[in-house]
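Visitor: Can you read through this structure? Questions will come right after.
The values are calculated or read from the model by the stated rules, or taken from the named source; none is laboratory data. As the structure is a computational prediction, the values presented were derived from the model and not from experiment. Positions of Cβ are generated from backbone atoms using ideal geometry, with glycine treated the same way; all protein chains shown enter the neighbour counts.
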Protein chains: 2
Amino acid sequence: MGLTELKQRVAELANLGGALDLLHWDLETFMPKGGVEDRASQVALLGRIAHEWFVADEVGAWLVAAETEVRGLDPTSDDVRAVQVLRRDFDRERKVPTAWVAEFARTTSLAQHAWRDARAGAGFAHFRPHLERVLDARREYAGFFTPWKSVYDPLLDDFEPGTTTADVERVFAELRPPLVALVEAIRTRGRAVDAGFLDGDFDEVQQTEFGMDVLRRMGFDFDRGRQDRSAHPFTTAFSRNDVRITTRFDRACLSPALFGSMHEGGHALYEQGIAAEYARTALGRYASLGIHESQSRLWENVVGRSRQFWKRFYPELQRRFPTLASVPIDSFYRAINRVAPSLIRVEADEVTYNLHIMMRFDLELALLRGDLAVADLPTAWREASRAALGIAPPDDANGALQDIHWSGGAFAYFPTYTIGNLAAVQLFDAAAAAVPGIPADIERGEFGALLGWLRENVHRHGRKYEPGELLRRATGRPLEAAPYLRYLHTKYADVYGLG
Amino acid sequence: MGLTELKQRVAELANLGGALDLLHWDLETFMPKGGVEDRASQVALLGRIAHEWFVADEVGAWLVAAETEVRGLDPTSDDVRAVQVLRRDFDRERKVPTAWVAEFARTTSLAQHAWRDARAGAGFAHFRPHLERVLDARREYAGFFTPWKSVYDPLLDDFEPGTTTADVERVFAELRPPLVALVEAIRTRGRAVDAGFLDGDFDEVQQTEFGMDVLRRMGFDFDRGRQDRSAHPFTTAFSRNDVRITTRFDRACLSPALFGSMHEGGHALYEQGIAAEYARTALGRYASLGIHESQSRLWENVVGRSRQFWKRFYPELQRRFPTLASVPIDSFYRAINRVAPSLIRVEADEVTYNLHIMMRFDLELALLRGDLAVADLPTAWREASRAALGIAPPDDANGALQDIHWSGGAFAYFPTYTIGNLAAVQLFDAAAAAVPGIPADIERGEFGALLGWLRENVHRHGRKYEPGELLRRATGRPLEAAPYLRYLHTKYADVYGLG
């Protein structure tokens with residue numbers, strides 16, 4: 001009594017969530033533009049039902065009953081953990097007034113429109129009042145969860161349960177000086193890397209087929225998923241048995257499709273790998289955004305930008321794109337790992353990427369704390385960019401208006417990208433230590449052992465463990481900067497001949 | 001008070017319906033096979049919510065209040081009609097116990113699986129017990145609506161409001177003898193028609209592009225719709241602003257894509273043409289299946305299989321498919337209008353098609369009345385086929401197992417196809433009488449005047465009028481066999497030189 005009803009409600013919410021996700025997926029992939037208004041109404045309606053069904057009084061009563069019911073059970077059992085997870089989610093959602101949710105949806109919807117217009121030419125001033133409202137709303141949201149040490153804590157906790165602002169600050173403090181030093185070493189002492197041949201004219205059918213082949217070899221199950229195109233690549237899972245990724249193809253440039261497919265493929269392998277017995281239960285979701293990103297980055301960067309990987313796949317790439325025939329594999333390898341400070345986060349290399357993140361973290365923390373006014377954000381962005389990367393954007397479209405996140409209210413989201421980068425290396429190291437044949441496998445295009453280790457140590461657990469515990473169980477360590485820095489130093493000493 | 005709440009509930013149900021339709025569309029087009037179980041749960045859940053929201057007690061109370069509210073209003077006003085339509089739907093749905101709905105969903109789901117297996121080799125005996133259960137359930141359903149003259153009446157009324165079994169019998173009685181005579185005249189006195197060149201090897205990209213071009217010229221708005229592939233072509237409308245059709249392409253045969261696109265395009269123009277002010281209201285749906293089919297048949301057959309149409313489009317078809325270069329337009333025109341009794345309804349020509357329908361009508365009526373046992377259906381089918389078409393299927397896959405309808409519980413659906421065929425001709429005649437330039441327009445590939453007349457006289461009205469009244473308003477006449485028979489006699493005297 002209690003647990004059974006809870007489980008049934010969670011299963012219904014999973015079905016509702018799957019339908020909602022399809023509405024979003026279709027919006028990004030195939031929906032004709034005329035459908036946009038009705039789609040917004042459909043999404044709002046299903047979202048409202050899902051919210052009401054979850055925060056209902058009877059769910060609270062079932063939870064209390066279920067807590068009594070599981071008392072005395074093995075504390076590591078799935079049922080105990082499922083009740084904990086639901087208690088956490090329920091309490092969080094109940095603390096947020098329904099009126100706030102509705103108002104926030106309206107505020108961010110308007111802000112996203114304004115953001116698009118601002119980027120398209122209307123300028124930051126057009127976006128400013130909207131961002132101010134979003135920021136106020138987010139501060140109000142944080143207020144629902146007092147007490148906390150930092151206003152940033154409750155926001156971060158939504159994305160990365162159990163991780164605090166202080167945790168992020170500690171890791172970032174470890175990471176920043178060596179990263180800056182590495183960028184400087186590359187700039188002053190690294191040999192030149194030419195990446196010009198990655199631009200040109202690349203048949204899109206060949207790009208698609210190559211990407212599909214890589215995905216298949218990675219272990220992506222096309223019977224339980226598919227790949228389509230969209231302007232902004234993403235992964236969505238209607239259930240573990242229907243996981244869809246999208247990729248952006250660019251005739252003029254190979255990189256988006258090559259690494260985009262592996263990135264989204266990494267996300268998708270995670271979703272396809274959550275234990276079947278967790279399907280439509282409270283544990284049948286990913287552990288956190290950081291853990292999700294660790295899976296995409298592991299495949300995109302640690303595997304996909306490795307020498308081993310291209311030993312197997314470069315000949316095939318050359319066969320598909322004849323202009324690469326005269327490019328030696330070493331030149332290709334160095335080109336796809338070229339390091340250069342740039343203005344755009346999503347195009348940044350492995351080394352400078354985290355500098356983009358840390359700069360955003362500093363800015364959003366200052367905004368939330370009230371140490372930085374929205375009106376001063378463009379200037380602060382330029383200064384931060386100059387400090388972090390040595391360059392400043394010529395306009396706000398490439399500066400304070402660059403990312404969609406804040407307009408949608410996603411403050412405290414950025415750190416999860418860096419958490420993912422660090423965790424990717426920690427997890428790969430642990431896998432390679434447990435199964436020493438993995439690097440040799442990659443050279444042969446065999447990923448079964450690596451995927452098997454990830455399935456066993458990460459994917460299958462879903463939400464059973466908080467991200468910190470999941471990482472400790474898989475690697476024996478908490479999240480750390482050192483392994484990532486070692487990985488970068490070794491790799492880029494080779495790429496740039498830093499000796 | 002009452003009407004406002006009703007309208008809001010109807011708008012919410014329209015949003016829910018749009019989401020449900022997307023779940024179905026995706027299932028038929030892009031869903032990976034692993035998604036099938038979860039999709040069934042998602043569909044069941046949203047269907048359950050929609051049903052509960054509609055038959056809720058408060059809706060009954062709002063209806064009573066709304067009926068008082070609209071008393072005294074102009075009886076032809078939209079609000080009056082909306083309340084009538086909702087009263088009709090509400091009373092019908094309330095008469096059906098929720099337990100019956102759930103049981104029927106289970107019964108037909110199992111029956112459809114069994115039907116597939118039976119067709120794939122397990123044989124009719126495998127399907128028989130399922131069909132018996134579906135039939136029993138349908139009889140029980142009819143029982144909820146007593147009194148009626150025929151057990152078939154309440155089932156037919158679901159698809160074709162206001163039309164009775166006696167109406168169908170009367171029209172079919174008019175239709176049958178002249179059709180049989182025409183088939184016989186063609187068989188004995190018609191000159192030979194060669195259609196062999198419609199089979200071959202036809203590039204699918206060219207097929208797609210030709211179909212898209214025709215759809216565009218017909219007036220299909222690709223900003224408010226799209227075309228995809230599926231095994232079984234269909235049209236679905238998530239709203240009037242997002243109407244999707246699917247087409248089946250066959251490399252070896254031109255016809256499915258050519259006429260399939262026009263058929264589904266006709267359905268889609270109807271949905272795109274319902275008045276914008278009816279969106280998400282009780283009147284914002286099609287009038288009946290028969291009226292829907294009249295739109296698809298009008299474009300597919302009356303326009304798409306006419307001499308005028310191909311005068312404009314045949315040169316383009318020849319350009320795309322060089323094997324047709326040596327085929328004169330007259331031969332092509334006769335080939336696409338070749339009449340030959342065949343076993344499969346969906347491949348039947350315009351003349352014999354209705355014989356397939358009438359035979360199914362007779363059989364399902366006998367089944368429902370208890371005059372025919374399910375066990376005897378295969379034999380009865382063979383005899384009916386021999387009587388109607390002069391040929392009998394060699395096996396049940398081409399006989400009693402041919403159509404999916406009965407396995408899904410869709411008894412009394414078949415007559416709507418013939419109603420559509422007749423209404424298509426009546427409507428086209430009325431349009432051509434009102435706008436004499438229409439045939440000449442078609443020769444130039446101009447369809448604006450025809451579409452305009454259909455929009456004004458059929459599409460925009462949605463469910464404002466019952467199908468019978470809609471037809472009388474548009475054509476001045478009730479549904480009749482005579483115009484259709486005149487159309488067939490004129491056309492096929494020409495095609496077959498019956499003089």
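Visitor: Looking at the stretch A:213-226, which of its residues are touching a helix residue (DSSP H, G or I) at 6+ places or on another chain (Cβ under 8 Å) and either at pLDDT below 95 or assigned to a helix (DSSP H, G or I) (or both)?
Guide: Once the filter is applied, which keeps residues that are touching a helix residue (DSSP H, G or I) at 6+ places or on another chain (Cβ under 8 Å) and either at pLDDT below 95 or assigned to a helix (DSSP H, G or I) (or both), the stretch A:213-226 yields A:213, A:214, A:215, A:216, A:218, A:222, A:223, A:224.
Visitor: Sticking with this one: Just give me the residues in the stretch B:8-20 being under 25 Å from the mean Cα position of the chain (by Cα) and of a type in the set (S, T, N, Q), in sequence order.
Guide: Result: B:15, single match.
Visitor: If you don't mind, another one. Kindly evaluate residue A:56 against the criterion of being more than 10 Å from chain B (Cβ to nearest Cβ), aliphatic (A, V, I, L, M) and either on the phi > 0 side of the Ramachandran plot or under 27 Å from the mean Cα position of the chain (by Cα) (or both).
Guide: No, not satisfied.
Visitor: Which residues, counting only those in the stretch A:21-40, are under 22 Å from the mean Cα position of the chain (by Cα) and at the interface with chain B (Cβ under 8 Å from one of its Cβ atoms)?
Guide: Within the stretch A:21-40, A:22, A:23, A:26 meet the criteria.
Visitor: Something else: Please verify whether the stretch B:143-160 includes one or more residues that are surrounded by fewer than 18 Cβ atoms within 10 Å (Cβ to Cβ), touching an Asp or Glu at 6+ places or on another chain (Cβ under 8 Å), closer than 19 Å to residue B:360 by Cβ and not aliphatic (A, V, I, L, M).
Guide: Scanning the stretch B:143-160 turns up no residue that is surrounded by fewer than 18 Cβ atoms within 10 Å (Cβ to Cβ), touching an Asp or Glu at 6+ places or on another chain (Cβ under 8 Å), closer than 19 Å to residue B:360 by Cβ and not aliphatic (A, V, I, L, M).
Visitor: Within the stretch A:449-486, which residues are among the small types (Gly, Ala, Ser) and on the phi < 0 side of the Ramachandran plot?
Guide: A:449, A:452, A:468, A:474, A:481, A:482
Visitor: Among the residues of the stretch B:189-209, are any among the aliphatic types (A, V, I, L, M), surrounded by 15 or more Cβ atoms within 10 Å (Cβ to Cβ) and farther than 20 Å from residue B:496 by Cα?
Guide: no
Visitor: Against the condition closer than 26 Å to residue B:237 by Cβ and either more than 9 Å from chain A (Cβ to nearest Cβ) or part of a helix (DSSP H, G or I) (or both), how does residue B:73 come out, does it pass?
Guide: Against the criterion (closer than 26 Å to residue B:237 by Cβ and either more than 9 Å from chain A (Cβ to nearest Cβ) or part of a helix (DSSP H, G or I) (or both)), residue B:73 does not qualify.
Visitor: When you look at residue B:16, is it under 23 Å from residue B:278 (Cα atoms) and within 7 Å of another protein chain (Cβ to nearest Cβ), yes or no?
Guide: In short, yes.
Visitor: Scan the stretch A:99-120 and report the pairs whose first residue is of a type outside the set (A, V, I, L, M) and whose second residue is not in a helix (DSSP H, G or I), with Cβ atoms within less than 6 Å and a gap of 6+ or a chain change.
Guide: From residues that are of a type outside the set (A, V, I, L, M), the pairs are A:108/A:409; A:119/A:401.
Visitor: Shifting gears a bit: Any idea which of B:220, B:249 is within 14 Å of chain A (Cβ to nearest Cβ) and crowded, with 17+ Cβ neighbours inside 10 Å?
Guide: It is B:220.
Visitor: From the list B:326, B:296, B:331, pick out the single residue that is hydroxyl-bearing (Ser, Thr, Tyr) and outside any helix (DSSP H, G or I).
Guide: B:326
Visitor: With the checklist (1) away from chain A (no Cβ under 14 Å); (2) within 16 Å of the chain's Cα centre (by Cα); (3) assigned to a helix (DSSP H, G or I) in hand, flag the one item residue B:232 doesn't pass.
Guide: (3)
Visitor: For residue B:103, work out the one condition from (1) outside any helix (DSSP H, G or I); (2) within 30 Å of residue B:399 (Cα to Cα) it doesn't fulfil.
Guide: Unmet condition: (1).
Visitor: I need the full set of residues from the stretch B:85-139 which are aliphatic (A, V, I, L, M), surrounded by fewer than 18 Cβ atoms within 10 Å (Cβ to Cβ) and farther than 24 Å from residue B:159 by Cβ, in order please.
Guide: Scanning the stretch B:85-139 gives B:120, B:122, B:125.
Visitor: Checking the structure you have, find out if any residue of the stretch A:276-286 is over 14 Å from the mean Cα position of the chain (by Cα), more than 14 Å from chain B (Cβ to nearest Cβ) and part of a helix (DSSP H, G or I).
Guide: The answer is yes, given that some residue of the stretch A:276-286 is over 14 Å from the mean Cα position of the chain (by Cα), more than 14 Å from chain B (Cβ to nearest Cβ) and part of a helix (DSSP H, G or I).
Visitor: Kindly indicate the residue of the stretch A:235-246 that is without any contact (Cβ under 8 Å) to a residue 40 or more places away in the chain and within 17 Å of residue B:39 (Cβ to Cβ) and also nearest to the other protein chains (Cβ to nearest Cβ) among those meeting that condition.
Guide: My answer is A:241.
Visitor: If I filter the stretch A:29-69 down to residues being assigned to a helix (DSSP H, G or I) and touching a strand residue (DSSP E or B) at 6+ places or on another chain (Cβ under 7 Å), which single residue comes out as surrounded by the most Cβ atoms within 10 Å (Cβ to Cβ)?
Guide: For the stretch A:29-69, the residue satisfying everything is A:35.
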